[in-house]
1. Looking at the range A:29-43, which of its residues are within 20 Å of B:Cys160 (Cβ to Cβ) and within 8 Å of another protein chain (Cβ to nearest Cβ)?
2. Quick check, is A:Gly135 at the interface with chain B (Cβ under 8 Å from one of its Cβ atoms), within 22 Å of the chain's Cα centre (by Cα) and buried (at least 24 other Cβ atoms within 10 Å of the Cβ)?
3. Look at A:Leu26 and say whether it is surrounded by 13 or more Cβ atoms within 10 Å (Cβ to Cβ), at the interface with another protein chain (Cβ under 10 Å from one of its Cβ atoms) and closer than 30 Å to A:Val208 by Cα.
4. Being among the charged types (D, E, K, R) and at the interface with chain A (Cβ under 8 Å from one of its Cβ atoms) is the filter here; which residues of the range B:7-33 pass it?
5. Give me the strands (runs of 3 or more DSSP E) completely within the range A:1-108, filtered to those with at least 2 residues that are under 21 Å from B:Ser76 (Cα atoms), ordered by residue number.
6. Does any residue of the range B:28-37 turn out to be surrounded by 21 or more Cβ atoms within 10 Å (Cβ to Cβ), over 21 Å from A:Gly200 (Cβ atoms) and in contact with a strand residue (DSSP E or B) (Cβ under 8 Å, 6 or more places away or on another chain)?
7. Just one of (1) of a type in the set (D, E, K, R); (2) more than 14 Å from chain B (Cβ to nearest Cβ); (3) in contact with a strand residue (DSSP E or B) (Cβ under 9 Å, 6 or more places away or on another chain); (4) part of a loop (DSSP other than H, G, I, E, B) trips up A:Glu277, so point out which.
8. (1) under 21 Å from A:Met334 (Cβ atoms); (2) more than 13 Å from every other protein chain (Cβ to nearest Cβ): which one isn't true of A:Cys419, the others all being true?
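The values are calculated or read from the model by the stated rules, or taken from the named source; none is laboratory data. Predicted model only: the values in this text are computed from it and were never measured. Every residue, glycine among them, receives a Cβ derived from its backbone with ideal geometry; neighbour counts consider all protein chains shown.
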Amino acid sequence: MTQPRTLYEKIWDAHIVERQADGTCLIYIDRHLVHEVTSPQAFEGLRMAGRRVRRPDLTLAVPDHNLPTTARVDAAGKRLPIADPESAQQLAALERNAPEFGVKYIGATDAEQGIVHVVGPEQGFTLPGTTLVCGDSHTAAHGALGALAFGIGTSEVEHVLATQTLLLKPSKTMEIRVEGQLGPGVTPKDVILHVIGVIGTAGGTGHVIEYRGTVFEEMSIEGRLTVSNMSIEGGARAGLFAPDDKTFAYLKGRPMAPKGADWDAAVAYWKSLVTDEGARFDKTVRIDAADIAPTVTWGTSPEDVVPISGVVPAPESFTDPSKRAAAEKALDYMGLTAGQRMEDVSVQHVFIGSCTNSRIEDLRAAAAIAKGRKVAPGIKQALIVPGSGLVKRQAEAEGLDRIFIEAGFEWREPGCSMCLAMNPDKVPAGERCASTSNRNFMGRQGPGARTHLVSPAMAAAAAVTGHLTDVRELTGVMA
Amino acid sequence: MEPINTVEGRAYPLGVKNVDTDMIIAAKWLKGITRAGLGQGAFEALRAEPGNVFDDPTYKGSPILIAGDNFGCGSSREHAAWALIDMGVRVVIAPSFSDIFSGNAFKNGILTVALPQDAIDRLMEVAKTDPIHIDLESQTVTTPFQDRFTFEVDPFRKTCLLGGLDEIGLTLARTDSIGAFEQARADDQPWLAPALV
């Protein structure tokens, strides 16, 4: 009888090429996503050392961070130039490096282009039980499908390109169990924001989180992607969901997913990828679903969360002196005062997009609020940025684009956009944005920009009222 | 990477908690295609504040940085490590580090030293007036006032840092093992490859 193992331990054990005496393991990597920002120096390193990409067939390159979200081709179908010379140079480098090293490249004007973490699952590139890496911390998202997926730095990108492996120490395991029934208007984004509020931004450091309990079992795959995506905001390099029938139904028929007899063999294996009865986690956090409200951030760290019905906390309410100092600084930066009602905070910008919340279910949730309403007069810009060309096409087939445009939103091309402001989509200094992205760090959406992280429905609600709003007031369902 | 063993010098007493990688190097500095020159963008927003430690002539060119808990959280950008190297920082001392940052730091020959908060508080005090000495071989941080703190370091990382070893070169020497593993995996789980159509 083998010892009971967690899901993480099963995937880890299946990928050990060699184990050193000190516990460091050479871990095989099954899937590698590459984008333009963290790869140029890695390809350059290979070139300088005369090295090749070991498994170009397991590597997929997609540009996303720098791409403008405005039209990419003119009326005649000709590609439009990218105004920012640095962005253009970085995009050109990927476009050159991918074919030079034999890596499949989905280009800026291809229908399948999108944010790497939307494209991977959508194409069936991400599979349960695999190890998947990318030079981006939100790679944690792919754990929604039961892949051990984590962000890596550029030196590691180069290491994976050259060897298809990484040298790693095993992580500790953390179980986050949310049981019960979510209230009306409470979405996966609210769940993960609440979780981060409970564990803190360093709560998961050194750990891989497995999300367990009825709330996560009942959650859709897209909802799980939102949750797992933000594992890194809780300090965990990776999140995991045990693959189940929802996972298999989601993947079946995707372009890069297994087919025929391979599919059946794969599903049979994937069904073994569950945490065994009696397996031990290093840490367990239990949360009652009933305690989770539609949630919003007030400060400059993703752990600075409060229910939308709440108020800006007073720095004196924190006993830890460094937290108190951080809260004072955050309130100053955010232009908020202690005790102010969150619902009284007006916004000038709304961003619905990012690898956290740009999938079709996110757009449907936002459209349900936007339908028949208008973007409020005080809003300077309300952007909808679909996560991929395929999401965009699907939304257009469902008429969501019409709903958004009629309400006064801008309907854009896919990319990372205003999540981190590497492209022209930025929030001006001192202005405030209700954003479905993942980080509210100082300057994240542009120098001096003020970010409030929210769900897609709450972002749409803020757009139509002009201030942070409890979405339940618009839908008429109060908890 | 540059080998590292002993580092002695003044230290930036930053002390701030949750220094995220956006704070170390903002997104607008990530657009380059080389590793060089990022020091000029390091801590840009903090440096806009009057009286910040980075522009204080006392600390100019310090090889050591002292910070609060959870240093390097957030994005995986290795530019954060490149920016620190470019500004001359070889050692960061903090109570804890994010996982991705500590890996990136190591791969660029930056030593991350985790010490308890009371040790950090003491070093923050010393840093205001005197240099700090770090010895990787003996895993100690010492001050001119007989303070002596020992720190943990992963043995493999220690060997690589002391020798300035190229990790990719080391792994490529194990190509046979990787090939054998890959073959066994392909036989056992044929659906895994090729991924691309």
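1. Residue satisfying the conditions is A:Gln41 alone.
2. On the way: at the interface with chain B (Cβ under 8 Å from one of its Cβ atoms): yes; within 22 Å of the chain's Cα centre (by Cα): yes; buried (at least 24 other Cβ atoms within 10 Å of the Cβ): yes.
For A:Gly135, the condition - at the interface with chain B (Cβ under 8 Å from one of its Cβ atoms), within 22 Å of the chain's Cα centre (by Cα) and buried (at least 24 other Cβ atoms within 10 Å of the Cβ) - is met.
3. Numbers: surrounded by 13 or more Cβ atoms within 10 Å (Cβ to Cβ): yes; at the interface with another protein chain (Cβ under 10 Å from one of its Cβ atoms): yes; closer than 30 Å to A:Val208 by Cα: yes.
So A:Leu26 passes the test.
4. At the first step, the residues of the range B:7-33 found to be among the charged types (D, E, K, R) are B:8, B:10, B:17, B:20, B:22, B:28, B:31.
If the condition is that a residue be among the charged types (D, E, K, R) and at the interface with chain A (Cβ under 8 Å from one of its Cβ atoms), then B:Lys17, B:Asp20, B:Asp22, B:Lys28, B:Lys31 are the ones that fit.
5. Values: elements: A:16-19, A:25-28, A:31-34, A:59-61.
Fully inside the range A:1-108 and qualifying: A:25-28, A:31-34, A:59-61.
6. no
7. The single condition A:Glu277 does not satisfy is (3).
8. A:Cys419 satisfies all of (1) under 21 Å from A:Met334 (Cβ atoms); (2) more than 13 Å from every other protein chain (Cβ to nearest Cβ) except (2).
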